[in-house]
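To start, the structure itself, in structure tokens.
The values are calculated or read from the model by the stated rules, or taken from the named source; none is laboratory data. What you see is a predicted model, and the numbers here were worked out from it, not measured in a lab. Heads up, the Cβs are rebuilt from the backbone with ideal geometry, glycines too, and the neighbour counts pull from every protein chain shown.
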Amino acid sequence: MNKEKEIDFKISVKGNIRDLLAFKNLASVRKKHIDKAPEDFIKFDPVNNLANQLHPSKQNLVISEIKDETKSAKTFKFIADPDSNTKKLAYFRAGQFLSLKVEVDDIPITRPYSISSSPSDALKGFYEITIRKEENGFLTSFIWENWKVGTKIESSGPNGYFYYDPLRDSREIMCIAGGSGITPFRSFAKEIMEGKLNITLTVLYGSSEEDDILFYDEFKDYEKRYPEKIKIINILSCEEVNLPDCEQGFMTAQLIEKYCKLDNSSFFICGPQIMYDFIDKELEKFSLPMKRIRKEVFGEIKDVVNIPNFPKKIAEKTFKIKVSIGNVLKEIPANAFESILVAMERAKLAPPSICRSGKCGFCRSVLISGDIFINPNSDGRRAADKIMNYFHPCSSYPMSNLEIEVPRSV
Ligand SMILES: Cc1cc2nc3c(=O)[nH]c(=O)nc-3n(C[C@H](O)[C@H](O)[C@H](O)COP(=O)(O)OP(=O)(O)OC[C@H]3O[C@@H](n4cnc5c(N)ncnc54)[C@H](O)[C@@H]3O)c2cc1C
Ligand code: FES
């Protein structure tokens, strides 16, 4: 008989007293098992195998299809790279993201992207992500020029906390999406239609103009097939709106009130930082409990110099950072307006990162000397870390020359 099959994982409940008495024999039973165990190493560990399948530190992917969505957005379909050790894709929860690890002109960087396909698609062997090209975007410009069917990409396992949790969230979900922030809600909608997520979704989706709307036909089709479960309202900020069923303007409290059951909805918000600033003020008018408002992290901000309390007089300065990373010690230049993570990436140090939003703690490092500015909206440090001089380079900016110690990338 196979050795691993001999291990007995059965747990049976016999009743309170008998269960308590069973602890009496625990030490002797354990010793018997240890004495009986074979001397050679256990080669099969079902618990760790499952944990690795669900939370792999990396996945090797290859692009199998590319679809143009709008003039500036494409959906990339990824499968496991058959030439790699990735045999199955990790399952995920609708709303989670992947962190892609890419080299642009020999500079190793990461970027997070929400998974826009359904969790069950991962079991069928693929993920989809939908990317909008940024004007002068460092990675997206590279993607538009270089990614094609067959391009190999390394990714993290699924990450993030932007998913529905029945213990916390209402079954009525009010989604507020801006730009490419619609992508996680496509995953939610697909899971609802598969009958695996029992919630209703009302999506208020803001775009600048008609051509920028992602998944217009798809969401209209979802709405038609599942009118009780899915509703989408497109909101265009441009002057002229020709599409039917479209609102014109911005996502004001008035508009939210028009489509939302305020007393029992949970809000899920995903979009650029500028939309969060606007929506925060509108939602304040309803005095909702905090637990009913869920926001996806928004990545690194583009205009740190405009944050109140940022020392504007140093905005144009470049400082020096002595970085100790793994067994490498290097002095690098760092612009005051760019995060310390970007400074390290520019210097090709390949620092670890996943969310780039100050929240996951993956880039957590030690500040040995110098002063930094921490974006208060992305300060995800624990209280103890603040005391012990730990910081997150993705949400921190140099205010003087620095000395820092950074963990090595996995
Ligand atoms: C949780 C999450 C989910 C997301 N999901 C999506 C999604 O579904 N779809 C989508 O389109 N986007 C998504 N994004 C945004 C995405 O991660 C990228 O920010 C976006 O694609 C733009 O990337 P970019 O590199 O083109 O531009 P930016 O990220 O704006 O790149 C410019 C950055 O590169 C730095 N840089 C410039 N030159 C160099 C250099 N030589 N070396 C190193 N760095 C340099 C700049 O300092 C600047 O910080 C998501 C973000 C988050 C946080
Ligand atoms: S990368 Fe997540 S906290 Fe810095």
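Return the residues of the stretch 163-198 that are of a type in the set (A, V, I, L, M, F, W, C), more than 19 Å from LYS220 (Cβ to Cβ) and surrounded by fewer than 21 Cβ atoms within 10 Å (Cβ to Cβ); say none if nothing qualifies. Listed by number, the list holds a single entry, LEU167.
Among the residues of the stretch 41-77, those that are over 13 Å from LEU89 (Cβ atoms), touching a residue at least 12 places away in the same chain (Cβ under 8 Å) and of a type in the set (Val, Ile, Thr) comprise ILE42, ILE63, ILE66, THR70, THR75. Taking every residue in the stretch 387-410 that is free of Cβ contacts under 8 Å to residues at least 60 places away in the same chain and surrounded by fewer than 16 Cβ atoms within 10 Å (Cβ to Cβ) and pairing it with any residue that is in a strand (DSSP E or B) and of a type outside the set (Ser, Thr, Tyr), at least 6 positions away or on another chain, the pairs with Cβ-Cβ distances below 7 Å are ASN389/VAL366; ASN389/LEU367. Whenever a residue of the stretch 118-137 is in the same structural domain as LYS74 (by TED's automatic domain parsing) and more than 23 Å from LYS88 (Cα to Cα), its partners that are assigned to a helix (DSSP H, G or I) and more than 16 Å from ligand 2 (Cβ to nearest atom), lying with C-beta atoms within less than 6 angstrom and at least six residues away or across chains, give the pairs ARG132/SER180; LYS133/THR140; LYS133/TRP144; GLU134/THR140. The requirement of being outside any loop (DSSP other than H, G, I, E, B) and closer than 28 Å to THR110 by Cα is not satisfied by ILE235.
Filtering GLU103, GLU154, GLU128 for residues that are loosely packed, with under 15 Cβ neighbours inside 10 Å and either touching a Leu at 6+ places or on another chain (Cβ under 9 Å) or charged (D, E, K, R) (or both) leaves a single hit, GLU103. Taking the stretch 49-66 as the range and being part of a loop (DSSP other than H, G, I, E, B) and of a type in the set (Ser, Thr, Tyr) as the test, only SER57 passes. Checked against (1) assigned to a strand (DSSP E or B); (2) away from ligand 2 (no atom under 16 Å from the Cβ), TRP144 passes all but condition (1). Could you tell me whether any residue of the stretch 375-383 is within 13 Å of ligand 1 (Cβ to nearest atom) and of a type in the set (Asp, Glu)? No, the conditions are met nowhere in the stretch 375-383.
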